[in-house]
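The values are calculated or read from the model by the stated rules, or taken from the named source; none is laboratory data. Just so it is clear, the model here is predicted, and its values are computed rather than measured. Reconstructed Cβ throughout: ideal geometry from the backbone, glycine too, with neighbour counts over all protein chains shown. Accessible surface is based on the protein model in full, side chains and every heavy atom, while ligands, DNA and RNA are left aside. Shrake-Rupley method; radii C 1.70, N 1.55, O 1.52, S 1.80 Å.
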Amino acid sequence: MQSEYYNIAERLTQMAKLIPNSIAIAEPLFKGKKPRRDHFGKREYAAVTFAELDQDSDRIAAALQRYGVKPGMRLALMVRQGVDFISLVFALFKTGATLVLIDPGMGVKRMLACLRDAELDGLVGVPQAHVARILYRRWFPKAKYNLTVGKRCFWGGLSLAEIRTLPIVKPEDPQTKLDDPAAIIFTSGSTGVAKGVLYTYRMFKSQVEEISKRLNIKPGGVDLVGFPFFGLFDAGMGTTAVIPDMDTTKPGNVDPVLFLEAADDWQITQSFGSPALWNRVVDYCLENNRKIETLKRTAIAGAPVSFDLLRRFRQILPDDAIIITPYGATECLPLAAIESREALEETSEKTRVGGGICVGKFFDKPLEGLIIPVTDSPINKLSDISVLPQGEIGELLVSGPQCSPRYVTRVEANELALVQGDDGRLWRRVGDVGYFDDQDRFWFCGRKSHRVETAEGPMFSIPCEAISNESPKVFRSALVSLPLPSDYAPPPNLSERAKAFRESWREPAMVVEPFPNKRPENEVEEERFCAEILEMLHKSPLTKSIKRVFVCEKFPVDVRHNAKINRELLSEWASAKLQGKTTPLVNAPIKG
């Protein structure tokens, strides 16, 4: 029988006993702002073993406990990726405190708002983070337990440098349980309001087990960490985490030369990064006839992954290498995964004609997924709704140990997000639409909020956009909604479902962003361009009802990955353009 007591930091302690002298983290060294190199020009690194990492986090945890940090207290961590970040995470787990993590890529204002919503008991961070805490002190009235990573000034509190001069002491066991809060991790806010997701120790345990099993990760591998959070899993799986010389908040700006230098220096066997990162690295490799011969296992996530990237990526890897694209959300991670060969050879053609994007089979039970009719209303009980048959597009519900039990900020969102099962299980509405095929693979068809309700039925973003994306002139497309024209007459013989959504009816339209060298240069060319796209759309039963196409020079997208399209803002822009108005589009965060 599984013990109810558990702490994810136990994974690090186990690895420290199993492989104490193996390197846990390797971090590049600098001389000022320049890379530090030896006499032969080779990059120098600071290396920490698993035993040293475990001892360092013990010492920090014991100091925090003496300072007064108790289990359940909320402490935000605002430190750059590296040895300090990983050691502090495990130290906080060892105290039983609840770690608060926020993606700095969301911008300063949103980040501060999230920290305010979290009702912090303290902050562990670099000096700039503490300056912000002082400037906005009225937002953090309870933040009394603070630790500075770097030069501590007038604000007091603990100093990481001073703690590391103390003897190594084992912290007191916080006696955490599987369903105790371990962390609050904020959603990016790229498709809505940023919300604080409760992570329990059960969630972390399930995530490490499922990721290591699906990716076949065993102690002894070497990971080039393109995504900071994955470095934490490395320490718990016995994998060496190599920190690249890059700004992880802007993966699209990675320097391929420095990234590949680290890959060569450490003979990496695996890596996890976003499409924005890998697009730059892969392009560089292809242009310079370069391969990453030791890289056998790669995961790409954080934004949609194109088939083109998968094809190009395979060209720079060994033949036996695997590329996994995991699917999930901050609230439920991981849910499913698919390998590049299956995606390219078995599913890509169906995606091209509007079948959605296959993200693979769900991870093993007890994780489960159901497809239900799309609704924007709360669902109290699972028995109140029907389950759609295989192949029919609907809203995705999931239940499993890697699913968060609730939001702890913006708690009003829980009413819409959670569904109670009759057997006591909790189900979560992910906010995505799609369907399961006859092989139990999930096909993603877009965000529920991006569908367009019409008299003929709902239209879903990913399938519809695939039709116009087939044009060699189109970089990307966005299905948007417009107000119905004043003379609109609904078709006869409407279904009962269509009648039920009458108040939500909108006119569908397609906005396209051409490749830079394919942009129309005048109104005549733009009219011709739109006519070509419209002809393509009318050949597909999915998009034959679309009557308007708009050309947008540059889509408003998320700042971090340049991938998540702000369809809401594009809808407003297209509506204004229809009325002869000009509304500027800026590359701004998604509304919310």
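Name the residue farthest towards the positive end of the dipole of the chain from the options 433, 509, 449, assuming +1 on Cβ of Lys and Arg, -1 on Cβ of Asp and Glu, about the Cα centre. The one lying farthest along the dipole's positive direction is 449. These residues, 487, 265, go from largest to smallest accessible area, 1.4 Å probe, as 487, 265. What a 1.4 Å probe finds exposed on the chain is 52% carbon and sulfur by accessible area, rounded to a whole percent. Sorted largest first by accessible area at a 1.4 angstrom probe radius, with every protein chain in place, the residues 282, 408 fall in the order 408, 282. For the chain, the dipole from Cβ point charges (+1 on Lys and Arg, -1 on Asp and Glu) about the Cα centre works out to 1760 debye, to the nearest 20. Ordering 128-135, 315-322 by mean Cβ neighbour count within 10 Å, with the highest value first, yields 128-135, 315-322. Rounded, prolate or oblate: which fits the range 1-113 when a ≥ b ≥ c are the square roots of the eigenvalues of the alpha-carbon gyration tensor, with rounded for a/c under 1.5 and prolate only if a/b beats b/c? Judged from the Cα gyration tensor, the range 1-113 comes out oblate (a/c at least 1.5, b/c at or above a/b). Taking θ as phi - 60° and the Karplus parameters 6.51, -1.76 and 1.60, the scalar couplings of the range 233-245 work out to 5, 3, 4, x, 10, x, 9, 6, 9, 9, 8, x, 7 Hz in sequence order, x denoting glycine and proline.
Is the C-alpha gyration tensor of the range 200-245 telling us rounded, prolate or oblate? Criteria: a/c under 1.5 is rounded; beyond that, a/b larger than b/c is prolate, otherwise oblate. Numbers along the way, then the final one.
On the way: a/c = 2.28, a/b = 1.43, b/c = 1.59.
It is oblate, given that a/c is not under 1.5 and a/b is not larger than b/c.
Close amide H pairs (under 5 Å, H built 1.01 Å from N) link residue 24 with 48, 49, 50, residues at least 5 positions away or on another chain. Loop-located trypsin sites (Lys or Arg not before Pro) in the range 523-580 (DSSP state other than H, G, I, E, B) with a sparse environment of at most 15 neighbouring Cβ atoms within 10 Å: 539, 544, 547, 554.
Peptide packing for 294-303, 508-517 was compared via the average number of neighbouring C-beta atoms within 10 Å per residue; ordered from the highest value, the list is 294-303, 508-517. Comparing 482, 529, 149 along the charge dipole axis of the chain, the residue lying farthest to the positive side is 149, per the Cβ-charge model. Annotation for the range 148-199: chymotrypsin sites (Phe, Trp or Tyr not before Pro) lying in DSSP loop with at most 12 further Cβ atoms inside 10 Å of their Cβ are 154. Among beta bridges identified by DSSP and lying wholly in the range 247-341, the antiparallel ones come to about 40 percent.
Karplus-derived 3J(HN,Hα) values for the range 95-103, using 6.51 cos²θ - 1.76 cosθ + 1.60 with θ = phi - 60°, are 8, x, 5, 8, 6, 10, 10, 9, 6 Hz; glycine and proline are entered as x.
Computed over the chain, relative contact order equals 10 percent, with contacts defined as Cα pairs under 8 Å that lie 6+ residues apart. The stretch between residue 154 and residue 384, if pulled fully straight at 0.36 nm per residue, gains 77.0 nm over its current Cα-Cα span.
Close amide-amide hydrogen proximity is noted between residue 388 and 371, 372, each under 5 Å apart and 5 or more residues distant or on a separate chain (H modeled in the peptide plane; Pro and chain starts excluded). Only Cα pairs under 8 Å and 6+ residues apart enter the sum, and on that basis the relative contact order of the range 178-306 stands at 19 percent. Entry comment: accessible area of the chain is 46 Å² per residue, from protein heavy atoms only and a probe of 1.4 Å. Restricting the range 417-512 to chymotrypsin sites (Phe, Trp or Tyr not before Pro) that sit in a DSSP loop and have at most 13 other Cβ atoms within 10 Å of their own Cβ leaves 488.
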